[in-house]
Amino acid sequence: MTPSSPPKPVAVEAVAVQPTEADSTAIAHFSARDRKSLAPVAYLVKVRLETIPEATSQGWALYVGDLRIPKYWASADGIYFKVFDPQFFQEHAGQPVRFSQNGTDFTDTGLTLPAPAAPDPARLPLQSDVLK
């Protein structure tokens, strides 16, 4: 894969998981900032890639529709980002997952944001188990 080739996702999945200690702090912050009660649930949006690209100085920004995902991390089979407010999935339901290097020219992956299954707070998996 050349540095100018975008990652090639093959699947997108949204999974409700137990929040980490840092996630719980973020959930409390967003609840206070937005004046609404958020459940103690983190959602991992996993983007499985055909192949993991080599690290380069030319990074690809991840978008859902026109929204740039400000932070994402590498996983064993791709990348993932976290969502703490389930309203995100309502606002961006079915929007395309895209990549861009300049915020103007986009590579559409052919995949869209899925809705997560309704979480059962008593049976949420650990993030480490979901990211294996």
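Within segment 8-31, no residue that is under 27 Å from Ser100 (Cα atoms) sits with its Cβ atom under 8 Å from a residue that is among the charged types (D, E, K, R) and assigned to a helix (DSSP H, G or I) at 6+ positions apart or across chains.
Condition check ((1) at pLDDT 95 or above; (2) hydroxyl-bearing (Ser, Thr, Tyr); (3) in a helix (DSSP H, G or I)) across all residues:
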position: Lys82; (1), (2), (3): yes, no, no
position: Phe88; (1), (2), (3): yes, no, yes
position: Arg98; (1), (2), (3): yes, no, no
position: Pro119; (1), (2), (3): no, no, no
position: Lys132; (1), (2), (3): no, no, no
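Pull out all pairs, ordered by first then second residue, where Cβ-Cβ is under 9 Å, the residues are six or more apart or on different chains, the first lies in segment 47-64 and is under 16 Å from Pro96 (Cα atoms), and the second is part of a loop (DSSP other than H, G, I, E, B) and modelled with pLDDT under 80. So the pair list comes out as Trp60/Pro53. Checked against (1) among the small types (Gly, Ala, Ser); (2) touching a strand residue (DSSP E or B) at 6+ places or on another chain (Cβ under 9 Å); (3) touching a residue at least 40 places away in the same chain (Cβ under 8 Å); (4) surrounded by fewer than 14 Cβ atoms within 10 Å (Cβ to Cβ), Gly78 passes all but a single condition, namely (4). Taking the criterion of being surrounded by fewer than 18 Cβ atoms within 10 Å (Cβ to Cβ) and either of a type in the set (Asp, Glu) or within 30 Å of Gly110 (Cβ to Cβ) (or both), the only residue of segment 24-43 that qualifies is Asp34. Number of residues in segment 50-79 that are at pLDDT below 90 and either among the hydroxyl-bearing types (Ser, Thr, Tyr) or in contact with a His (Cβ under 6 Å, 6 or more places away or on another chain) (or both) equals 3. If you check Leu62 against the conditions, is it in contact with a Phe, Trp or Tyr (Cβ under 6 Å, 6 or more places away or on another chain) and outside any loop (DSSP other than H, G, I, E, B)? Criteria met by Leu62.
Of all residues in segment 32-46, those being among the charged types (D, E, K, R), without any contact (Cβ under 8 Å) to a residue 12 or more places away in the chain and not in a loop (DSSP other than H, G, I, E, B) number 1. With respect to the conditions (1) of a type outside the set (Gly, Ala, Ser); (2) farther than 30 Å from Glu21 by Cα; (3) out of contact with any strand residue (DSSP E or B) (no Cβ under 8 Å at 6 or more places or on another chain), Thr109 falls short on a single one, namely (3).
The values are calculated or read from the model by the stated rules, or taken from the named source; none is laboratory data. Keep in mind that this is a model prediction, so the values were computed, not measured. For neighbour counting, all protein chains shown are included, and Cβ atoms are generated from backbone atoms with ideal geometry for every residue, glycine included.
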